[in-house]
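Written below as structure tokens is the structure these notes are about.
The values are calculated or read from the model by the stated rules, or taken from the named source; none is laboratory data. Small disclaimer: the values here were computed from a predicted structure and weren't measured. With ideal geometry, Cβ positions are generated from the backbone for all residues, glycine too; neighbour counts draw on all protein chains shown.
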Amino acid sequence: MEYGLLLCAVALSKVFAYKCIEGRKLTEIAGGPLAPFRMATEELARLLGGNREIARQIKEPSLLEWAGAELEWCGEYGIKALYIDDPEYPSRLRECCDAPLVLYCKGGISLNPERTLAVVGTRKASYTGKSACIRAVRDLSHLAPAPVIVSGLAFGIDATAHQAALDSGLKTIAVIPCGLDTIYPSSHRDLAVRIVRDGALVTDFPRCTYPQVAHFIRRNRIIAGMADATLVAESYDKGGSLITASLANCYDREVMAFPGRVSDQSFAGCNSLIAANQARLVTGGSGIAAAMGWEMEKRGSRTSGGTLPFPEEDDRGKILALLRRESPLDFERIMEITALPFKTLTTILLELELNGSIVSVQGRKYAIAP
């Protein structure tokens with residue numbers, strides 16, 4: 001995109017940060033993002049329904065100076081600023097009336113993949129919720145083409161979905177509620193680095209914007225808008241994932257949810273969505289694929305000759321025997337006793353969790369399942 005047009009688009013995105021519909025309407029009426037800056041203040045105010053204050057903000061010389069500095073910073077750090085009419089801008093999101101004028105993106109993948117699935121849920125995810133999320137994402141990795149997983153990098157289900165996607169060889173996009181000079185939560189920095197390498201970080205916030213309560217709703221609309229469908233993997237009766245589901249319904253996108261037992265409060269939101277016919281009941285990857293009309297065609301193996309990509313059966317038995325003698329044990333202690341490589345041990349522990357042989361307790365400690 002021509003630099004001058006992008007410069008003006010970035011400037012307008014600051015003025016209309018919380019009024020995306022009005023900003024988009026102005027650019028459409030005026031004939032693009034450059035036109036408002038060429039108009040006299042009075043003419044611009046008329047297009048804005050008489051709002052002289054916003055017209056004054058747009059005509060303020062420091063606004064374009066700020067936008068220029070923002071684009072310079074983006075260029076320095078390999079960040080793309082995408083205007084809503086840019087071919088690289090997410091086409092699914094562009095269909096939404098409240099789509100942001102500008103998106104900032106760090107990463108090498110296309111934001112217009114053939115298939116996308118948003119996976120959201122509670123920050124206080126249970127073992128059951130995490131396991132169901134991991135299994136579903138892993139199953140979807142067999143699709144051809146496989147979907148890109150979109151989530152919000154938060155604790156709980158979000159991080160689980162991103163991690164499961166990366167571990168399954170899928171691409172993933174994290175939408176964050178702040179500028180790309182900040183990672184939230186900060187403890188997910190390493191995960192964010194992996195996502196940039198095998199996916200993308202996306203936000204509509206410029207740098208020096210830090211997380212606030214209102215930002216999460218703005219973030220959620222992008223998650224819902226970028227995806228073909230939204231899966232609520234686990235949710236209490238209140239929470240941001242229910243807002244994302246509501247937005248997805250408003251955008252006329254498919255919404256799905258994993259059911260839970262009536263006594264499980266962490267699934268109360270999922271059960272309510274299903275009961276109200278606001279989400280389709282699914283129990284795993286095959287149900288998601290069926291709901292979307294995605295045939296479960298197997299992809300080719302991602303490995304070639306050489307060392308086997310899976311651990312020896314004896315290694316699993318060694319870990320189970322150890323945990324039967326002494327539980328719980330933390331990851332570092334298990335690695336010390338078994339002398340297994342980090343990657344091998346991580347794979348085995350995940351498999352044993354998924355098949356119900358062990359449980360994760362007290363953070364990174366593991367024990368035999370009751």
- [ ] Return the only residue of Pro206, Pro259 being touching a residue at least 12 places away in the same chain (Cβ under 8 Å), surrounded by fewer than 20 Cβ atoms within 10 Å (Cβ to Cβ), assigned by TED's automatic domain parsing to the domain that holds Ala174 and in a loop (DSSP other than H, G, I, E, B).
- [x] Pro259
- [ ] Any residue in region 278-297 that's among the aliphatic types (A, V, I, L, M): show its pairings with residues that are surrounded by 15 or more Cβ atoms within 10 Å (Cβ to Cβ) and part of a loop (DSSP other than H, G, I, E, B) at Cβ separation under 7 Å, as long as the two are six or more apart or on different chains.
- [x] Leu281/Pro259; Val282/Phe258; Ile288/Val282; Ala289/Leu143; Ala291/Val282; Met292/Asp228; Met296/His142; Met296/Leu143
- [ ] Go through region 70-91 residue by residue and tally those that are part of a helix (DSSP H, G or I), surrounded by fewer than 20 Cβ atoms within 10 Å (Cβ to Cβ) and touching a residue at least 60 places away in the same chain (Cβ under 8 Å).
- [x] 2
TODO: Among the numbered conditions (1) modelled with pLDDT of 90 or more; (2) surrounded by fewer than 19 Cβ atoms within 10 Å (Cβ to Cβ); (3) among the small types (Gly, Ala, Ser), tell me where Ala165 comes up short.
DONE: (2)
Task: region 215-238: number of residues that are in a loop (DSSP other than H, G, I, E, B) and surrounded by fewer than 21 Cβ atoms within 10 Å (Cβ to Cβ) - done: 4
Open item on the list: Can you say whether Lys106 is of a type in the set (Lys, Arg) and part of a helix (DSSP H, G or I), as far as the supplied structure shows?
Closed with: no
- [ ] Give the residue, chosen from Lys343, Lys365, that is under 22 Å from Thr160 (Cβ atoms) and modelled with pLDDT under 80.
- [x] Lys343
- [ ] Determine whether Ala35 is among the small types (Gly, Ala, Ser), within 21 Å of Val202 (Cβ to Cβ) and at pLDDT 90 or above.
- [x] no
- [ ] For residues that are assigned to a loop (DSSP other than H, G, I, E, B) and more than 11 Å from Ala11 (Cβ to Cβ), tally how many sit in region 33-69.
- [x] 6
Open item on the list: For a quick check of your reading of the model, give me the residue pairs whose first member lies in region 45-63 and is closer than 14 Å to Phe16 by Cα and in contact (Cβ under 8 Å) with a residue 40 or more places away in the chain, whose second is of a type in the set (Lys, Arg) and surrounded by 13 or more Cβ atoms within 10 Å (Cβ to Cβ), with beta-carbon atoms closer than 9 Å and at least 6 apart or on different chains.
Closed with: Gln57/Lys14; Leu63/Lys14
